[in-house]
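Below: the structure, in structure tokens.
The values are calculated or read from the model by the stated rules, or taken from the named source; none is laboratory data. None of the values given here were measured: they were computed from a predicted structure. For neighbour counting, all protein chains shown are included, and Cβ atoms are generated from backbone atoms with ideal geometry for every residue, glycine included. These accessible areas exclude ligands, DNA and RNA; they are computed on the full protein's heavy atoms, side chains included. Shrake-Rupley method; radii C 1.70, N 1.55, O 1.52, S 1.80 Å.
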Amino acid sequence: MAMANRQQHQPSHGITKQAQVVVVMVPFPAQGHLNQLLQLSRLILSYNIPVRYVGATTHNRQAKQRVHGWDPDAAANIHFHDIEIPPFRCPPPNPNAKIKFPSQLQPAFNTSSHLTEPVSMLLRALSCKARKVIVIHDSLMESVIQEARLLPNVESYIFHSVSAFAVSLYAWEQQGKIIEDSDMFPRDIPSLEGCFTAEFADFVACQYNNYQKFNSGCVYNTCKLVEGAYMDFLEKETLKEGNKHWALGPFNPVTIPERSKKKKFCLDWLDKKARNSVIYVSFGTTTALDDEQIKELAIGLRESKQNFVWVLRDADKGDVFGGEERSAELPEGYEDSVDGVGLVVRDWAPQLEILAHPATGGFMSHCGWNSCLESITMGVPIAAWPMHSDQPRNTVLITKILKIGVVVKEWELRDAVVTSNIVESAVKRLMASTEGDEMRKRAAEMGESVRGSVAEGGVSRMEMESFIAHITS
Ligand SMILES: *[C@@H]1O[C@H](CO)[C@@H](O)[C@H](O)[C@H]1NC(C)=O
């Protein structure tokens, strides 16, 4: 009787045996994190497994609104579970802060405490209906999914939103081990100094209280062809816990479906440019540059005499739908002075489509992991300008290990302004030198193999199939 009822309440696409398994995504409310788990939702849904994407209403809306490069139908079946939370403070970013970590987002991060009870209720409800409930939660949302351990048919998996390289280093350091110079971990790994605010470090410590003790495994947005050595390292490091690790990435689409292409001025602009002749400049959603830095960057880009598309937006606030955004000032007459060579974009840009465009031959980036992986997928080398968090270390991975990029700003010089001369020479080195051409060639080859890895028989596809088999068994 109960069984019959249960069947009736399944969604129409959920009658298969597999669909008695439900996946619950619990993302962390910052764009780079929201996006990655939304992308993973699409992939899991393609195996006909229903997915619940759980978050505060405003953050779910942010995730949906900003996604690009998808077939419009792909998201239609993701079930967004919107949770109303009390209002929280949304101060503007401070471009003059010494530490570039987006401390303005801390009140939004703190709202996760309001999700614990609703998420527990949801897990209890799903646990009664489904054969098995699989929670995939951001490593920073550990405290929200405590209920998972109390329910017999619920399994939880940690999603690490950063590179396997960065996770390997954290794991190593946590055990107090010294990082010795090796092919895997080159000398002079940037310190964690200046990467986070003290308040965020406290937040992380709280989340990691019960870290790995009861989770069933870890998933990564990476590809073994890019970070195989670090995936092996992590397997070995956690042998005692018996945790499994899956490299399921890249989560982002590897081709842009024709139907999803939107008419965008910047893409039309790129259509008129020669192959690999444009550098795309964007520092993601958590970077606020001060006025002086913006001016130096502007001049440096112009003096490089290379084509560029520059996304000049302010960092996100905790609620991206509320209030005014600071519009950065460019030097007087700047946009006219670069007419036809440089394009300044001030709204949300279709990054994946820009990177996939044949005219784009380089990416000046803060090296957030999402951006790194999108660039790798599309075969575009990087001019690395890390700002905070895991970005200084991703810079090492990109430039020293994968050798598909140049450094714009060394982490040791993080407090100094990057002058227009430095910008100019980094851009020229990447876009107009033999060394840059070699990096572009390596990046193109890596991109091709990464795109191939998600096709039938490819290493990421096989990893995904093994994960799906594991969670549905
Ligand atoms: C975030 O939560 C912590 C712990 O409850 C608290 O100490 C801190 O003041 C909060 N920060 C903000 C910006 O709301």
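Side notes on the structure shown:
- Under 12 Å, Cβ to Cβ, from Leu297 - net charge with Lys/Arg +1 and Asp/Glu -1: -3
- Expected 222 nm ellipticity per residue - DSSP helices of 4 or more, -39500 (n - 2.57), all of the chain, to 500: -11000 deg cm²/dmol
- Sequentially through the stretch 139-155, phi angles give Karplus couplings (6.51, -1.76, 1.60; θ = phi - 60°) of 4, 8, 10, 3, 5, 6, 10, 3, 4, 4, 6, 8, 9, x, 9, 10, 10 Hz, Gly and Pro residues having no value and appearing as x.
- Summed side-chain charge close to Leu402 - residues other than Leu402 whose Cβ falls under 14 Å, Lys, Arg +1, Asp, Glu -1: +3
- Each Cα pair under 8 Å and six or more residues apart adds its separation to the average, and for the chain the resulting relative contact order is 17 percent.
- For the stretch 292-304, 3J(HN,Hα) per residue [Karplus equation, 6.51 cos²θ - 1.76 cosθ + 1.60, θ = phi - 60°, Hz, x = Gly/Pro]: 5, 5, 4, 5, 4, 4, 4, 5, x, 5, 5, 5, 5
- Each Cα pair under 8 Å and six or more residues apart adds its sequence gap; the mean of these over the residue count of the stretch 265-450 is a relative contact order of 27 percent.
- The chain: equivalent-ellipsoid semi-axes (sqrt of 5 x gyration tensor eigenvalues, Cα, Å): 36, 24, 23
- Close amide-amide hydrogen proximity is noted between Lys261 and no other residue 5 or more places distant or on a separate chain, at a cut-off under 5 Å (H modeled in the peptide plane; Pro and chain starts excluded).
- Per residue, in Å², the accessible surface of the stretch 265-450 once ligands and nucleic acids are set aside, probe 1.4 Å: 38 Å²
- Overall form of the stretch 265-450 per C-alpha gyration tensor (a/c, 1.5; a/b vs b/c): rounded
- Averaging Cα coordinates gives a centre for the stretch 232-303 and one for the stretch 387-425; these two points are 15 Å apart.
- 3J(HN,Hα) from dihedral phi, the stretch 369-375, Karplus parametrisation 6.51/-1.76/1.60, rounded to Hz, x for glycine, proline: 5, 3, 5, 4, 6, 5, 5
- Other residues lying with their Cβ under 13 Å from the Cβ of Thr287 contribute a combined charge of +2, Lys and Arg counting +1, Asp and Glu -1.
- The magnitude of the dipole of the chain, with charges of +1 and -1 set on the Cβ of Lys/Arg and Asp/Glu and taken from the Cα centre, is near 1480 debye.
- Pairwise centroid distance, computed over Cα atoms, of the stretch 340-366 with the stretch 19-39, Å: 26 Å
- Cross-link partners of Lys317 among lysines (Cα-Cα below 24 Å; sequence separation of 8 or more within a chain): Lys64, Lys98, Lys100, Lys295
- Under the convention that each Lys and Arg Cβ holds +1 and each Asp and Glu Cβ holds -1, the size of the dipole of the stretch 322-473 around its Cα centre is about 640 debye.
- Distance from the Cα centroid of the stretch 172-199 to that of the stretch 41-70 is 33 Å (rounded to whole angstrom).
- Solvent-accessible area per residue, Å², over the stretch 61-149 with all protein chains present [probe radius 1.4 Å]: 45 Å²
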